[in-house]
Amino acid sequence: MSLLFVLAVIAAIGAVAFIIARQRGGALDRGATRPHSRAHYHGWWAFLLATLPATFIFLAWLLASSIYLERHIVAQLPEQTAEGPIASQSLAVGMVKGLANGLRRLDANELASLPSTFAQVQPMLAAKRVALATDTQDYMIPIAVDANRLQDRLGTVGAIVAFILAAVGGIYGIRRVAERARARNNVERLMLWGLMAASMIAIVTTIGIVLSMLFQTISFFERVPLTDFFFGVVWDPRFAAAGAADSAGQFGLIPLLAGTLYIALVAMLVAVPIGLMSAVYMSEYAHPRVRAVVKPALELLAGIPTIVYGIFALVTLGPFLRDLSAALAGGSPFIQAQSILTAGLVMGVMLIPVVSSLSDDIITAVPRAMRDGSLGLGATRSETIKRVVLPAALPGIVGAILLTASRAIGETMIVVLAAGVAANLTLNPFEAMTTITVKIVNQLTGDLEFNSPQTLVAFALGITLFFVTLIMNIVALYIVRKYREQYE
Amino acid sequence: MTDISIGNVMVASAPPRRRDIGLGRRYRAERRFRIYGLLAISVGLMFLAVMLVSIVSKGYTAFWQTAVTLPITFDEKIIDPNGKRDGDPNVLIAANYPKLAENALIAKLGIDPSDKAMVRKLKGFLSDGVRAQLREMVVRDPSIVGMTRDVDVLASANLDSAFKGQIDLGVDEARRKVSDQQVEWMNKLRDEGVISGHFNAGLFTYGASSRPETSGMGVAIIGSLYMMAIVLLLALPIGVAASIYLEEFAKKSRLTDIIEVNINNLAAVPSIVFGLLGLAVFINFLGLPRSASLVGGLVLTLMTLPTIIIATRAALAAVPPSIRSAALGLGASKMQMVFHHILPLAAPGILTGTIIGLARALGETAPLLLIGMVAFVADYPTTPFDPATALPVQIYMWANEAERAFVERMSAAIIVLLIFLMAMNITAIVLRRRFERRW
């Protein structure tokens, strides 16, 4: 019986319980005294009693039976595999499971006359579009058949237990319908738990991020020493043939970090002055009608996906700068098509609306009285802005700039397309450099092997990136929050 | 006044001298400052305009595709020379279909079929996709073998570019992809009205292909739709539930503080980190299939949740306390107050936030690269468990192709993506305008 079918039956039982309990609850509301809960709360409570325990028990049963099944398969493997290294054992179990899944596609007749060698079974399954590992052994076929039978039996038992539980829960819920029964409170308590669980997902996600990267990072540092990673100045992971004598490669973070910071710096040099000035103009000078048009247009700029900026840098701006520099120098270009300048410029433009909308909020939060005071003393508008508004807003603006910088450091698609992949250490903004995010993408696209340092290094890079941006975000959010409290 | 009283002899008509307080300088500074502001804004808007113009001008031509209408004779001698097609279905699948199209083209152009040199020059005139196209026609209806039908056959990508005038014909023949002879034929067929530009429906229906003229974003659009559906189904209920708890029920405690800080931080975590999470947890640990839109949807859900939670909390907080007091005063429970009164009033704000979150998820590329969505998928995914790509990832893959025809398709895909995003954002703005209440 499939998972979906069992869940549907449980839900159907719950629905029946809901209808009956609601009917009974409605029947209560005829006497002189009013019942504690409305009819539909009785219905929902019966529904929850019928479905929740049954579903949980069934899912737990499924989990337990899959573990049991695996043990069962391992126990049946021939001794030399079972006692071999863990890897070959899990490989064999995987093959048996693949075979068992494939056999599920055959009908009863074909199963009854199943040939005993894999060479004969394979074409049968291939006809059903099942691809199998080519070194599946003959002895695995009976094990797979047996595993399927066991799985069916376990599934049936679990489903029957779940159905009985659902029925019992439903009947219990229906019988509990009474004038003084506190069905509403029960339903609402469960709802509250549900809401609370939903809000925990944020924490679970953060823990998931940290843990998932931590395990891979630890196993990376088992292969590559910590100092080589953090202080190494050469990035050369060398996707060498596995097992070759010198396949370790060099994983120096410094060139990547330098490239990341350099590009972010160029981007901030573009974004901060332009973004800040437009925010000032929009909040202090612009006519409301102009504001109503320009502000959505700037927001539009913020809504464009970063891949579009990256493509623009790759297809239009990069070649344009290269040709321009070739024309200026008369011959060979001094700006490469993929360069720090190109990536930084485009990223800076992407960040303009980020800076401007963040600082717009902050500038508008400066109290009116401060502006009026300054204007009343005879200062011009620009003097008011420069000497009163901006200093008052400074902490908030610093926070906004930090937030923007963390966006710049974590930005991926623009640099993947526009910055290049060569891990150089250079000060020349016209050359290509690469970043942490580019290398994460490089190391993880294509075929993966979860135990080679070439793959694992991406997680070490990721966790570095995560913590750098995390610290910047926490500081920035703290500053912005403090600043807001100051004027509230 | 003091000036005058000291200089007693001064004529009364002389104008009083004003002290120079640098007003002119200050007003000039004021004007300069204003101009800086205007400049900053125009730089931003100009860049937006340049980017849009450059993309649209590169991409709009991809919505037309050049096709040749040929009377193709499904010659039995070529499809099934030995007359064995009744017994062996593979005959129809393996037949030499391009030959049929070539023969029809030879007849149309009036070339002598025995002139091998001329026939060879026809190579690269029609798309290789003609094989699959004609094969499908025959397999679907085997009775057309022996008959003649008018078929719209796609021209090759190079001829398509030439037809659209994108290839500089002044360049030396050896250095461009279309020969003079082919151009001459093309002009001849155009004058006869045989070759023409059609609306390029294939751009929206084809899957991945190594030939530009038969590659499209059908798989990517379906993959993106699956992912958006998953994000909507998961992120909206979870996000709303979490915000209701935090805004209406949670007491201020250390735990809720941690949750708050967490959500704000998650909103600022680089998106690629979510890709690493998806790779390590969903694919490596839970064993979900790589390249599946399910995994993409889950990753994007986690990424969108903070956005939705922040927007929902703002919308809930904007509902005035008087509504709460009134509901509670009439005897509603707290849960009834939230679900019967607060939530409906906050719904427009929640919807706006959700749409903006969805729009961001639709344009997101980096995390999808890590979970294997960079895949050559030619078949439509039937379930979210099947391999698929996403619209932005398709753009990324086309960006890595060398041929100019792919650049055209890539720009067209960007236009489509931007139209989707624009529609979503405008919906959000309209919703906000129509249903926003000022209390």
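The values are calculated or read from the model by the stated rules, or taken from the named source; none is laboratory data. Just so we're clear, the structure is a prediction, and the values are computed from it rather than from any experiment. Cβ coordinates were reconstructed from backbone atoms using ideal geometry, including for glycine residues, and neighbour counts include every protein chain displayed.
Structure notes:
Conditions tested, residue by residue: (1) touching a residue at least 60 places away in the same chain (Cβ under 8 Å); (2) within 25 Å of A:Gly399 (Cα to Cα).
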position	(1), (2)
A:Ile304	no, yes
A:Ile311	yes, no
A:Pro319	no, no
A:Ala329	no, no
A:Ala337	no, no
A:Ala343	yes, yes
A:Val349	yes, yes
A:Ala365	yes, yes
A:Ser382	no, yes
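- Residue match in the range B:316-327 (condition: buried (at least 19 other Cβ atoms within 10 Å of the Cβ) and within 14 Å of chain A (Cβ to nearest Cβ)): yes
- Residues being touching a Phe, Trp or Tyr at 6+ places or on another chain (Cβ under 8 Å), more than 10 Å from chain A (Cβ to nearest Cβ) and buried (at least 20 other Cβ atoms within 10 Å of the Cβ) - total across the range B:16-64: 0
- Filter result for A:Ser374 (in a helix (DSSP H, G or I) and surrounded by 21 or more Cβ atoms within 10 Å (Cβ to Cβ)): no
- For the range A:204-221, the condition holds for at least one residue, the condition being that it is at pLDDT below 90, away from chain B (no Cβ under 14 Å) and assigned to a helix (DSSP H, G or I).
- Residue list for the range B:178-206, filter: within 20 Å of B:Phe63 (Cα to Cα) and of a type in the set (Val, Ile, Thr): B:Val194, B:Ile195, B:Thr205
- Inside the range B:159-170, residues that are loosely packed, with under 11 Cβ neighbours inside 10 Å and either under 27 Å from the mean Cα position of the chain (by Cα) or not small (Gly, Ala, Ser) (or both) make up a count of 2.
- For A:Ala258, the test of being surrounded by fewer than 19 Cβ atoms within 10 Å (Cβ to Cβ) and out of contact with any helix residue (DSSP H, G or I) (no Cβ under 9 Å at 6 or more places or on another chain) is failed.
- Verdict on B:Ala375 being assigned to a loop (DSSP other than H, G, I, E, B) and of a type in the set (A, V, I, L, M): yes
- When the range B:381-439 is limited to residues that are of a type in the set (Asp, Glu) and part of a loop (DSSP other than H, G, I, E, B), the one that is surrounded by the fewest Cβ atoms within 10 Å (Cβ to Cβ) turns out to be B:Glu436.
- Test set (1) among the hydroxyl-bearing types (Ser, Thr, Tyr); (2) facing another protein chain (nearest Cβ under 10 Å); (3) in a loop (DSSP other than H, G, I, E, B) - B:Thr301 fails condition number: (3)
- Test result for B:Ser271, in contact with a strand residue (DSSP E or B) (Cβ under 6 Å, 6 or more places away or on another chain) and either within 12 Å of chain A (Cβ to nearest Cβ) or without any contact (Cβ under 8 Å) to a residue 60 or more places away in the chain (or both): no
- The residue list A:Ala133, A:Ala144 contains one member that is more than 21 Å from A:Ser113 (Cβ to Cβ) and modelled with pLDDT under 85, which is A:Ala133.
- Any pair with Cβ under 6 angstrom, 6 or more apart, that starts in the range B:356-374 at a residue that is over 13 Å from A:Pro305 (Cβ atoms) and at the interface with chain A (Cβ under 9 Å from one of its Cβ atoms) and ends at one that is in a loop (DSSP other than H, G, I, E, B) and among the basic types (Lys, Arg): B:Gly372/B:Arg290
- So A:Gly399, is it in a loop (DSSP other than H, G, I, E, B), more than 22 Å from A:Gly232 (Cβ to Cβ) and either within 12 Å of chain B (Cβ to nearest Cβ) or touching a His at 6+ places or on another chain (Cβ under 8 Å) (or both): no
- Matching residues, the range A:341-368, being of a type in the set (Val, Ile, Thr) and within 14 Å of A:Thr412 (Cα to Cα): A:Val346
- Any chance A:Asn424 is surrounded by fewer than 23 Cβ atoms within 10 Å (Cβ to Cβ), more than 11 Å from every other protein chain (Cβ to nearest Cβ), under 25 Å from A:Gln336 (Cβ atoms) and in contact with an Asp or Glu (Cβ under 8 Å, 6 or more places away or on another chain): yes
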